[in-house]
Every structure is written in structure tokens, then in C-alpha cells.
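Worksheet for the structure shown next.
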Amino acid sequence: MGNIAIINPLKRVEGALQTEISIGIKTLSTPVPIPKIKGQMDFGIVCDNTQLEKNVKAICFDLYNVAEIIHKRRELSKQYNLKMRSIDENYDNLIKQIPILVDPNTEAFYFKIPWKIKQKKQLYVRDAFYELLSLPENVKKIIEKMEPSNYNQSWSTIWNEEMMVSIIDSFISYQSLYNADIVIPPVPLVTGSNITMQLMRSINSKARRPISEIYGVISSMYIPLHYKIFTRFDDRGEKIREDIINYIKENIAFYKFLVIKLVWYSNISNSKPARKEYGKFLSKIDKIKKEMKDSFAVILLDAGAEGRYTLANSVDCFVEPVGKRAGVIRGSKKEDDEEIEIITHGNYLHPTEGWIPFNRLLEIVKENKGLLPCSCQACDKYHGILSKDISKLEWNIARRSHAINLRRRQVDTIAGSINKGKYDDIILRIDVDEDRNFIDLLPRNSNLNNIY
């Protein structure tokens, strides 16, 4: 028998919700930020927990590099010392105690997202699919040539020639192989075209039974949205958004989790009408949640600072990459052209300014007489000593740990306000942020917009 998910809503204040979620023997209290693990450094931070103020409550990987990230520690955990205890108990404990998600990264079918350089050749995330998944050759050939101009036609061919079953099974089995507790179906990026809307409905439906009955894990409804869904303000754009909402309303009773990804929020961040449409969309999801007595949870993939605002408008937890602004850039060795990692100081998550360059941080530290703008466990030891000469490797571990600590602190204050029943307080706490435009993501029926 597979795992069973139980959603236990504890307290609702307007569009914000406090929930206790059980997934088999694992539990997750929301609202909560979920760090996305982008590399072995990130994984070491959450496993070994030397600079974190609290244990993370859940983690998310990308499908294309999860094997590479956890392989070494997974193998060590299978070895035992003389006391018959795992050599890597930290890994063992993490995997056993917290929910794990694996992002299927299906937007890589639409966008050519860089993966790595190998033998002087730029490889893309979709290339990882060919290497890692058991996809039939005819599917690989179609995907290889897929781009925005032929996206709809390519998926129509896959659909008409009944290749979807193999794609669904490959993605599901791979996520299950790497301990995913909530499996996310491989729904292609929804652009609003008829074929992508059809695939959204069909793949979510076809994946549900094998996920629960064959692999014994929890299924989710997945809706990855192209940002242009929210930049169309004509009747067609309105109909697309309404069709998606109606689909959720008619089918969410079969699921415990609705997983949403907006690819990418940064492309609507400068458009007030688009931000308002996104906020309205989330409000409609929250209305469905209320009608369903909060019987399902909403997870937002690949969010940034805007994720905290969505916690006040239907979202229970958001996934944010630990290194939101890359401190690791890609290069190649001259001798064999294999990919290497070139370490830089990277950007720092400032409590009120958001992600800032390292040089800007040094300016702030100088103005503050040597003090960093945060005193979390990761930052505390750098007061008075931070300089450009600091070890880049050491600093990257610290700044990433700090980002996890800061997001957790910020969201914990929101959880505290929900518990007190103070919705105004939730918004006022959120607003110490780098971008006031996020206020457009609040519920449309909220009178809190008048605060400003």
C-alpha cells in the first residue's frame, strides 16, 4: 500500500492558511519556504546543518541533476561502520524525515535552458532527459528539434502517435527512484494553445493512477504556466485563464496537492496589469480551496521573493532556489573541455533590499561599521571581518545558509501572524521587501491595498 496524504487545515485568515500535512510518516507544517537544491554545496548545507538555525522542512531537486547531486552521499549511506550505523547518517536522517519533491523541468521542452558544457559543446536540460530517462528514440527525435515555433505541432505529433504513455512513465519512475514523496506529472509548459491545454488535462489524469498504485507515492496536479498567460488582456487571454481555473475546480477533488510553476515571474514583474492578473488567478484558486474546505495544498515552484506574498493568497509553500542569484558560473577546462565550476562571491540576500552584489554588501558593511545586515547563525561570525579577501568557497556556504535562514525567519513571522488571526499584520510584515510591486499579488477582495 502506498503513502497517504492528509491535509489538516489549522487556521485560516483571509487568503493565508496554516496547515499540518502528513505524507506517510512525514509531516510538513505550512506556511513554509522549501529550498531548491541546485548543487552539491546546497545539499551539503541542508544535510549537515552546521550554519542553519532550524532544520529545513522539505527540499526540492531538479530532475536533470538530482542524481549527480545526491549520488556520493547516497552511496555512503549504504555503507556501515563497526557499530552497524550508516557512514552518512545525516543523509539518511534527512531523506527519512522530510518530504522530497523533484521538479520535472518540463519547461525545458520549450526553452533551451543551458545545462553544461561537454567536449566544447553546450548541452541543454533537455539533453539530460535523453541521458537519464528511458525515452523512445522517436520521442527523442521530436523533442530534440522542439522550439517555440514548432512547439504545438511537436506535441500534437506526440499526442496523435500515442507516445505520451512512455513519457509519463519515464518521468514518474525517475522521480520515484530519487525518493520523491509527491510526484509531479510531466505536463509540458502551458502556453494557452489548444494542444497544451489538452495535454494539461490528459497527463494529469493519466499519471494519477500509476503514481499511487504502481509507485506507491502521492500524485499531484501540475500546471506549469508560460508567463504570457498573464500578459494577454484580450478575451482570449481571459478565456485561457478561466479554462485553467475551471479545470482545477472540476478535478482537484482527486488530488491533495496542486503544484504551480510560473515560467518566469520576472517576465511579468514590471507589468502592473500582468501582476494583477496573476494575483486574481491565485485568488480564484483560493476561492476553490475555501469551497473544498481547504482539503488540498498549493505548492509554488521556482518562486523568489514574490513567494512570500503568495502565502497571503492561496499558496501554502513556495520552492525557491538556494542560490537565486548564481554564485557558481559555468566554464570549461582547456585540457579536456569538461565542465567545471568557477566559484565567485555571488549575491547576498539582503533582508530589505533583496539579492544584492557582493560589492554592494561590502559597502553596507562599511557603512554599518563592520556589521552585516543580518545576524543569523551563518552571518554572525562575519561581523567585523568580511572583506573581498574572504575565501569564496567558505563565503558561498555562508551566504547560501543565510538565505535559507532569512527566508525561514520571514515566513515564520507570517505563520505567527496567521496563528494570531492578524491578516493586516501578515501584509505589514511581508512589506519589508525589495519590491513594493508585489502588493499586486494580494487578494483582489482585500482592503489591505488601502494601507498604502
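Some notes on this structure:
- Total residues in the range 207-236, condition of a type in the set (K, R) and surrounded by 15 or more Cβ atoms within 10 Å (Cβ to Cβ): 3
- Being over 15 Å from Y110 (Cα atoms) and touching a Pro at 6+ places or on another chain (Cβ under 9 Å) is a condition met by at least one residue of the range 185-197.
- When V322, V298 are screened for being crowded, with 21+ Cβ neighbours inside 10 Å and either among the hydroxyl-bearing types (S, T, Y) or out of contact with any Gly (no Cβ under 9 Å at 6 or more places or on another chain) (or both), only V298 passes.
- Taken over the range 114-138, the criterion of being surrounded by 16 or more Cβ atoms within 10 Å (Cβ to Cβ) and touching a strand residue (DSSP E or B) at 6+ places or on another chain (Cβ under 9 Å) is satisfied by W115, K116, I117, L123, Y124, V125, R126, D127, A128.
- Considering residues of the range 23-76 that are acidic (D, E) and more than 18 Å from the chain's Cα centre (by Cα) only, the residue farthest from S212 (Cα to Cα): E53
- Strands (runs of 3 or more DSSP E) fully within the range 61-155 counting 1 or more residues that are of a type in the set (F, W, Y): 114-118, 121-124
- Leading residue by the ranking (nearest to I167 (Cα to Cα)) among those in the range 77-111 that are modelled with pLDDT of 85 or more and of a type in the set (S, T, Y): T106
- Entirely in the range 352-448, the helices (runs of 4 or more DSSP H) that have 1 or more residues that are modelled with pLDDT of 90 or more: 358-367, 392-420
- For the range 175-182, the criterion of a residue being crowded, with 20+ Cβ neighbours inside 10 Å and part of a loop (DSSP other than H, G, I, E, B) is satisfied by at least one position.
- Some residue of the range 41-64 being under 21 Å from S219 (Cα atoms), crowded, with 21+ Cβ neighbours inside 10 Å, assigned by TED's automatic domain parsing to the domain that holds Y124 and of a type in the set (V, I, T): yes
- Note on the range 1-38: residues that are crowded, with 20+ Cβ neighbours inside 10 Å, of a type in the set (G, A, S) and more than 23 Å from E306 (Cβ to Cβ) total 1.
The values are calculated or read from the model by the stated rules, or taken from the named source; none is laboratory data. Please read these numbers as outputs of a predicted model, since none were measured by experiment. With ideal geometry, Cβ positions are generated from the backbone for all residues, glycine too; neighbour counts draw on all protein chains shown.
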